[in-house]
Amino acid sequence: MELTLFLSSKTPTGSLLAGKKVVALELRGFTRSLSPHNLSSLALLLSAFRRCRAEMRELRPHVAVSFGGYAGVPGSLAAVSLRVPLVIHEQNAVPGLANRMLAPLARRVAVSFQRTLDHAPGWREKAALTGNPLLPRATEREIKDPWAFFALERGRKTLAVVGGSQGAASLNRAVLEALPAWRERSDLQVVHAVGADKYGETASRVKGRETDPLIYRPFPYIERMDLLYAAADLVVCRAGASTIAELAEAGRPSILVPYPYATAGHQDANAAVLASIGAAVVVPDREMGGERLRAEVEALFADDSRLARMSEAARRAAMPDAAERLADVVMEVAGRTG
């Protein structure tokens with residue numbers, strides 16, 4: 001059975017779209033104030049709308065799927081203008097502006113969290129709880145020894161600190177402030193994703209400590225997050241929607257430090273999902289420093305039973321079949337079920 005989709009997303013996954021037609025659009029976000037900047041953003045949006053509409057006329061999709069953000073708006077509006085049924089997916093606990101605007105036009109709204117509907121009660125009749133789809137798991141050929149991959153020792157408590165692909169200044173600062181107090185710990189090892197542009201500075205500040213009992217492994221970027229989750233006893237990170245889903249699927253206890261400038265505080269709401277079930281501790285960004293990091297990490301590492309409970313709570317929140325759930329919604333809307 002063949003189904004033609006039009007996907008609208010800011011960051012399509014190249015490996016998943018290999019062999020498919022990808023339409024690159026030039027877009028720019030709007031500022032939430034009166035600004036000449038918004039006029040150029042509007043012009044780009046209108047141009048992208050016309051491009052998407054032309055592509056859809058040629059492609060004649062059965063359904064359009066948008067994953068939110070301003071990049072999803074032109075494709076979604078083009079679909080509606082051509083009477084192509086629209087499905088939108090909201091990753092975060094708090095709906096973004098684009099999805100709030102598009103929801104009345106959509107046939108179905110897929111959400112990652114049940115509490116999203118508390119923020120958008122008008123979606124309930126057309127909502128489907130699907131979870132947040134993640135990349136496929138590693139195949140047997142791709143599975144490696146996580147401790148060997150990161151040059152770690154089995155048996156030590158393993159702390160993973162991840163600030164996203166670009167790193168996080170507050171997390172980096174907290175780790176560097178905590179390291180002197182941890183350097184004599186022979187039972188601890190730290191894997192730290194510092195961000196590509198911050199790696200040189202971080203590496204230079206810890207140079208010469210390679211012989212410390214503490215094992216400290218800084219990386220500019222972690223390509224195999226699945227292996228890091230497998231090795232980590234505790235993860236310190238931001239609270240993006242994909243990160244929350246990954247922590248749940250991996251069953252990893254976490255200390256979440258929501259990005260303080262996230263739109264509508266959506267990372268705070270995402271973090272609250274895991275915190276409310278006992279799977280995570282939440283520390284506001286303004287409170288995160290070396291002393292607070294040490295206190296939180298050492299309290300958790302001193303209580304194995306609590307870590308085990310947090311791990312089990314995280315697993316209960318997982319929705320490993322999120323991609324299949326979302327696909328079922330899309331097929332239903334396209335009239336291709338059964």
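Restricting the search to region 161-178, which residues are within 13 Å of V297 (Cβ to Cβ) and buried (at least 20 other Cβ atoms within 10 Å of the Cβ)?
Going residue by residue through region 161-178, those that are within 13 Å of V297 (Cβ to Cβ) are 161, 171, 174-175, 177-178.
Matches in region 161-178: V161, L171, A174, V175, A178.
Yes or no: A160 in the same structural domain as P284 (by TED's automatic domain parsing), small (G, A, S) and in contact with a helix residue (DSSP H, G or I) (Cβ under 7 Å, 6 or more places away or on another chain)? Explain how you work it out, then say what you get.
Working: in the same structural domain as P284 (by TED's automatic domain parsing): yes; small (G, A, S): yes; in contact with a helix residue (DSSP H, G or I) (Cβ under 7 Å, 6 or more places away or on another chain): yes.
The answer is yes for A160.
Report the residue count in region 184-217 for those that are at pLDDT 85 or above, farther than 13 Å from V161 by Cβ and among the small types (G, A, S).
Looking only at that region, the number is 3.
List the pairs whose first member sits in region 30-50 and is under 14 Å from G69 (Cα atoms), whose second member is among the basic types (K, R) and surrounded by 14 or more Cβ atoms within 10 Å (Cβ to Cβ), and whose Cβ atoms are under 7 Å apart, counting only residues at least 6 apart or on separate chains?
If the second residue must be among the basic types (K, R) and surrounded by 14 or more Cβ atoms within 10 Å (Cβ to Cβ), the pairs left are S41/R28.
Mind listing whichever residues of region 56-76 are in contact with a helix residue (DSSP H, G or I) (Cβ under 8 Å, 6 or more places away or on another chain) and at pLDDT 90 or above?
First, pick out the residues of region 56-76 that are in contact with a helix residue (DSSP H, G or I) (Cβ under 8 Å, 6 or more places away or on another chain): 56, 61-66, 68-70, 72-76.
M56, P61, H62, V63, A64, V65, S66, G72, V73, P74, G75, S76 - these are the residues of region 56-76 that are in contact with a helix residue (DSSP H, G or I) (Cβ under 8 Å, 6 or more places away or on another chain) and at pLDDT 90 or above.
Could you figure out which of (1) at pLDDT below 95; (2) surrounded by 12 or more Cβ atoms within 10 Å (Cβ to Cβ) isn't true of S15?
Against the list (1) at pLDDT below 95; (2) surrounded by 12 or more Cβ atoms within 10 Å (Cβ to Cβ), S15 comes up short only on (2).
Within 18 Å of the chain's Cα centre (by Cα), more than 30 Å from H62 (Cβ to Cβ) and touching a residue at least 24 places away in the same chain (Cβ under 8 Å), is that true of R115? Spell out the reasoning first.
On the way: within 18 Å of the chain's Cα centre (by Cα): yes; more than 30 Å from H62 (Cβ to Cβ): yes; touching a residue at least 24 places away in the same chain (Cβ under 8 Å): yes.
Spelling it out, R115 is indeed within 18 Å of the chain's Cα centre (by Cα), more than 30 Å from H62 (Cβ to Cβ) and touching a residue at least 24 places away in the same chain (Cβ under 8 Å).
List the helices (runs of 4 or more DSSP H) that sit entirely inside region 228-309 and contain at least 2 residues that are within 24 Å of L135 (Cβ to Cβ).
Numbers: elements: 241-250, 266-276, 290-301.
The helices (runs of 4 or more DSSP H) meeting that bar are 241-250, 266-276.
Can you tell me which residue among A232, A181, A264, A280 is farther than 24 Å from E90 by Cβ and touching a Leu at 6+ places or on another chain (Cβ under 9 Å)? Break it down into steps so the answer makes sense when it comes.
Numbers: A181 fails: touching a Leu at 6+ places or on another chain (Cβ under 9 Å); A264 fails: farther than 24 Å from E90 by Cβ; A280 fails: farther than 24 Å from E90 by Cβ.
Step by step, each of A232, A181, A264, A280 is checked, and only A232 is farther than 24 Å from E90 by Cβ and touching a Leu at 6+ places or on another chain (Cβ under 9 Å).
Being closer than 14 Å to G75 by Cβ and within 26 Å of the chain's Cα centre (by Cα) is the filter here, so list the residues in region 21-47 that pass it. So that I can check it myself, show each step before the final result.
So the first thing to find is which residues in region 21-47 are closer than 14 Å to G75 by Cβ, and the list is 21-27, 44-47.
Listed by number, the residues that qualify are K21, V22, V23, A24, L25, E26, L27, L45.
Among residues belonging to region 100-117 that are part of a strand (DSSP E or B) and in contact with a Lys or Arg (Cβ under 8 Å, 6 or more places away or on another chain), point out the one that is surrounded by the fewest Cβ atoms within 10 Å (Cβ to Cβ). Reasoning before the result, please.
So in region 100-117, the residues part of a strand (DSSP E or B) come out as 108-111.
Among the residues that remain, those that are also in contact with a Lys or Arg (Cβ under 8 Å, 6 or more places away or on another chain) are: 108-110.
Working: R108: 23, V109: 27, A110: 27.
Applying the filter and picking the extreme gives R108.
State yes or no: is L34 under 21 Å from V330 (Cα atoms), at pLDDT below 95 and assigned by TED's automatic domain parsing to the domain that holds A327? Break it down into steps so the answer makes sense when it comes.
Numbers: under 21 Å from V330 (Cα atoms): no; at pLDDT below 95: yes; assigned by TED's automatic domain parsing to the domain that holds A327: yes.
No: the conditions fail for L34.
Criterion first (assigned to a helix (DSSP H, G or I) and of a type in the set (K, R)) does R50 satisfy it?
Details: assigned to a helix (DSSP H, G or I): yes; of a type in the set (K, R): yes.
In short, yes.
Filter region 118-160 down to the residues that are among the hydrophobic types (A, V, I, L, M, F, W, C) and within 15 Å of the chain's Cα centre (by Cα), then identify the one that is surrounded by the fewest Cβ atoms within 10 Å (Cβ to Cβ). Please lay out each step first, then the result.
Of the residues in region 118-160, the ones among the hydrophobic types (A, V, I, L, M, F, W, C) are 120, 123, 127-129, 134-135, 138, 143, 147-152, 159-160.
Add one more test, that the residue is within 15 Å of the chain's Cα centre (by Cα), and what stays is 134-135.
Numbers: L134: 18, L135: 13.
Going through the qualifying residues, I end up with L135.
Would you mind stating whether A79 is outside any helix (DSSP H, G or I), modelled with pLDDT of 95 or more and either among the small types (G, A, S) or outside the structural domain of R108 (by TED's automatic domain parsing) (or both)? Steps first, please.
Numbers: outside any helix (DSSP H, G or I): no; modelled with pLDDT of 95 or more: yes; either among the small types (G, A, S) or outside the structural domain of R108 (by TED's automatic domain parsing) (or both): yes.
So A79 fails the test.
Could you tell me whether region 219-227 includes any residue that is charged (D, E, K, R), outside any helix (DSSP H, G or I) and crowded, with 17+ Cβ neighbours inside 10 Å?
First, the residues of region 219-227 that are charged (D, E, K, R): 223-224, 226.
Subset that is outside any helix (DSSP H, G or I): 223-224.
Restricting the remaining residues to those that are crowded, with 17+ Cβ neighbours inside 10 Å gives none.
No, because not a single residue in region 219-227 is charged (D, E, K, R), outside any helix (DSSP H, G or I) and crowded, with 17+ Cβ neighbours inside 10 Å.
Sort out for me the strands (runs of 3 or more DSSP E) sitting completely within region 123-200 that have 1 or more residues that are in contact (Cβ under 8 Å) with a residue 24 or more places away in the chain and of a type outside the set (A, V, I, L, M). Explain how you work it out, then say what you get.
Numbers: elements: 127-129, 157-162, 188-193.
Of the strands (runs of 3 or more DSSP E) lying wholly inside region 123-200, those with at least 1 residues that are in contact (Cβ under 8 Å) with a residue 24 or more places away in the chain and of a type outside the set (A, V, I, L, M) span 157-162, 188-193.
The values are calculated or read from the model by the stated rules, or taken from the named source; none is laboratory data. The model shown is predicted, which means the values in this text are computed figures rather than measured ones. Every residue, glycine as well, gets a Cβ built from its backbone with ideal geometry; the counts of neighbours run over all protein chains shown.
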